[in-house]
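One structure is given below, encoded as structure tokens.
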Amino acid sequence: MRLITLTTDFGNSDPFVGIMKGVILDIYPNAKIVDLTHNISPQNIRQASFILRSSYYYFPKGTIHLCVVDPGVGSSRKPVLIKTKDYFFIGPNNGLFSFVIENEKLINIIELTEKKYWLKNISQTFHGRDIFAPVAAHLAQGKDIKDFGQEITKNKLILLKQDSPIKTKNKIRGTVQYTDHFGNIITNIPNYFIKTKMIGKVKTKKIHGIIACYSGAEAKKLYAIKGSSNFIELFVNKDNAAKSVKAKVGDPVEFWEPT
Amino acid sequence: MRLITLTTDFGNSDPFVGIMKGVILDIYPNAKIVDLTHNISPQNIRQASFILRSSYYYFPKGTIHLCVVDPGVGSSRKPVLIKTKDYFFIGPNNGLFSFVIENEKLINIIELTEKKYWLKNISQTFHGRDIFAPVAAHLAQGKDIKDFGQEITKNKLILLKQDSPIKTKNKIRGTVQYTDHFGNIITNIPNYFIKTKMIGKVKTKKIHGIIACYSGAEAKKLYAIKGSSNFIELFVNKDNAAKSVKAKVGDPVEFWEPT
Amino acid sequence: MRLITLTTDFGNSDPFVGIMKGVILDIYPNAKIVDLTHNISPQNIRQASFILRSSYYYFPKGTIHLCVVDPGVGSSRKPVLIKTKDYFFIGPNNGLFSFVIENEKLINIIELTEKKYWLKNISQTFHGRDIFAPVAAHLAQGKDIKDFGQEITKNKLILLKQDSPIKTKNKIRGTVQYTDHFGNIITNIPNYFIKTKMIGKVKTKKIHGIIACYSGAEAKKLYAIKGSSNFIELFVNKDNAAKSVKAKVGDPVEFWEPT
């Protein structure tokens, strides 16, 4: 039995996610489905690809990660199924899988063309329901990935440009890549880049140091901590750092050793 | 094994939905439960009945659709269980099942009166927990529907007035019946009413045409598309149409053929 | 098979909850997991302990209630596992289990120290994923609670101070302890304290009486009702009482018999 995870920008108000689960369970009644999140900002492919990268490898090997953030639904963008050594990824070929691909050993990429595994009527606006959910269900049930369409080469996969931090002699320069529900600001600087004695800034706001736990930080001051997704995070103890800094994705972050 | 879906206006903050699941699983540990949505606007029976109509038939035959939007909880309104050819519906008799009833072959309607299938203490405010969840669990487990109470006739079912579009010689007039998380405006005009050459307006805002996919639309302009719930939707590509139009349920929508 | 419930302040936007489920299912693929809520206000231990108290006993005996509201994550606060006669509770030792402990027969308290049941790499910020989820999974799978660490005595458990109502000759004085999604104001006054003829006030707003169902109340006026969590609730029929009263946790509530 293979687990299916769902990641979408469908939100929690409409029945879209529930309907996808209905479609999956109608095909494969024993399917086990876990929600990763449905609150990706509408159409934000980069955000979804960050979330996937931070999450996919905590699931059992063989898990099918289904991701639908699909501004091009109904257009010429293609639906794909990617098999890596340990996981499957299903969704539109629009960059969603850019970052998981880098970390995984790629086995196959299949363009989904075999309509007998789709719902009968394909809408113009909801391929999550009509194409992706049924394919995930049939795959979970044990169909071979080659049944779903034809293999394509890796260069046909749309990949987002990685936004990498830069290390110079005196500084590490990165950017904000995500802000979470607590207001923690997740940078694109890997934890191992940073020495515990550094200080820094985000935009024009001072980062007072690197600290070992949230509750060890002085009140109201911005600090950095080694984040759980392997990237440096900025936080204010018991407060919302993202709001107080007005941090946005792409904002500059710098660290350096105090002199 | 029968699937149970849950549709409520309980939101995602309080433990109400989790408690209902606890009650179900305490009675029937193998129950499989899917959330349709818990973000129906408080007490909005019409919205819930629209959501149910768009969703119920994507689930496996035999699914039990449990819906609790229940402004009259604790009053004289009655709890009911409806069996159609392919599904079961459980909830208060207040109009929630108006639209699914129209599309399904009705078999029985049972007024829930048999207290041995309820929790022991019945609160005045939470029949989702005390009556509806336990009945759904016992039904999923295989109890006969007639065990739960006595049959009533269809004319005892409370039905909402359908808000149907009107077709005149030159125009199709409908209304807004729902706006989704992306800001798409779902009208009450069935997809098959509309010809691909039409234009129209919602309130005083121009609808520039009918289009085949979101991403094919000119930026910032309002267009229509054949929606996935079988009703015409209005949208702005990569933007929130409902916000820009300030669309509300009941607002007038018109389509006509350009001359 | 033991059910696992999850209660956190992680919200529904980030993948944190999904990741915890991945960790659980990777260890114990047959785990059955129910969300109680993930919308505890950030770091609000008292709120979480109220939610737990209102909910835990609706779940099957043997259920593992995992709760992560953990402002001290990474500091010296300890992770604990509590076994009562009918349930298990897992989380940080910070007061979360104050109110369930009062109602349950306590069997054991274990401080979680056995690292072989944790993930290999322990982050400084996400023990829900690294410690609590894996312990819950191993426990659900049947490990003995003593495998997870050493027993501690009850006086080592951090307990919140109960905020109890006061009964004088003429008055009952309590406070607001929670407001729900509908705007109902849940007090700390048990249902059985109140006689049906009483009136009262919250802050300076009049409570017009005790009533048997929401829909029996006069429009726009504040009434009280026996709440489903066994505490008196204040409400306005089809309206949001908490907003109209601007009620906050701790606000004073009084009831008395009219003369």
Of the numbered conditions (1) under 30 Å from A:His38 (Cβ atoms); (2) out of contact with any helix residue (DSSP H, G or I) (no Cβ under 7 Å at 6 or more places or on another chain); (3) in contact (Cβ under 8 Å) with a residue 60 or more places away in the chain, C:Glu102 fails exactly one; give the number of that condition.
(1)
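Quick check, is A:Leu52 assigned to a helix (DSSP H, G or I) and surrounded by 22 or more Cβ atoms within 10 Å (Cβ to Cβ)?
Against the criterion (assigned to a helix (DSSP H, G or I) and surrounded by 22 or more Cβ atoms within 10 Å (Cβ to Cβ)), A:Leu52 qualifies.
Tell me, yes or no, whether region C:195-203 has at least one residue that is touching a Phe, Trp or Tyr at 6+ places or on another chain (Cβ under 6 Å), of a type in the set (S, T, N, Q) and outside the structural domain of C:Val100 (by TED's automatic domain parsing).
No: region C:195-203 contains no residue that is touching a Phe, Trp or Tyr at 6+ places or on another chain (Cβ under 6 Å), of a type in the set (S, T, N, Q) and outside the structural domain of C:Val100 (by TED's automatic domain parsing).
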Find the residue count for region A:60-91, including only residues that are assigned to a loop (DSSP other than H, G, I, E, B) and more than 14 Å from chain B (Cβ to nearest Cβ).
7
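Would you tally the residues in region A:83-111 being hydrophobic (A, V, I, L, M, F, W, C) and under 17 Å from A:Ile45 (Cα atoms)? Give the steps one after another, and end with the answer.
Taking region A:83-111 first, the residues hydrophobic (A, V, I, L, M, F, W, C) are A:88-90, A:96-97, A:99-101, A:106-107, A:109-110.
If we keep only those that are under 17 Å from A:Ile45 (Cα atoms) too, we end up with A:89-90, A:96-97, A:99-101.
Result for region A:83-111: 7.
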For residues in region A:11-25 being in contact with a His (Cβ under 9 Å, 6 or more places away or on another chain) and facing chain B (nearest Cβ under 7 Å), which is surrounded by the most Cβ atoms within 10 Å (Cβ to Cβ)?
A:Asp14
Has region A:243-258 got any residue that is at pLDDT 95 or above, crowded, with 20+ Cβ neighbours inside 10 Å and within 13 Å of another protein chain (Cβ to nearest Cβ)?
no
Only one of C:Val249, C:Val236, C:Val176 is touching a residue at least 40 places away in the same chain (Cβ under 8 Å) and either farther than 26 Å from C:Phe99 by Cβ or in the same structural domain as C:Asn39 (by TED's automatic domain parsing) (or both), namely C:Val236
Please specify each residue of region B:178-202 satisfying the condition of being polar (S, T, N, Q) and at pLDDT 95 or above.
B:Thr179, B:Asn184, B:Thr187, B:Asn188, B:Asn191
Can you tell me how many residues in region C:26-37 are within 10 Å of chain A (Cβ to nearest Cβ) and either closer than 17 Å to B:Ile33 by Cβ or buried (at least 24 other Cβ atoms within 10 Å of the Cβ) (or both)?
5
Are any residues in region B:56-72 in contact with a Pro (Cβ under 7 Å, 6 or more places away or on another chain), surrounded by fewer than 24 Cβ atoms within 10 Å (Cβ to Cβ) and touching a residue at least 24 places away in the same chain (Cβ under 8 Å), and if so, which ones?
B:Pro60
Can you pull out the residues in region C:11-41 that are within 24 Å of C:Ile101 (Cβ to Cβ) and either in a loop (DSSP other than H, G, I, E, B) or touching a Pro at 6+ places or on another chain (Cβ under 7 Å) (or both)?
C:Leu36, C:Thr37, C:His38, C:Asn39, C:Ile40, C:Ser41
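The values are calculated or read from the model by the stated rules, or taken from the named source; none is laboratory data. In this text the structure is predicted, and so the values were computed from the model without any measurement. Please note: Cβ atoms are built from the backbone with ideal geometry, for glycine as well, and neighbour counts cover all protein chains shown.
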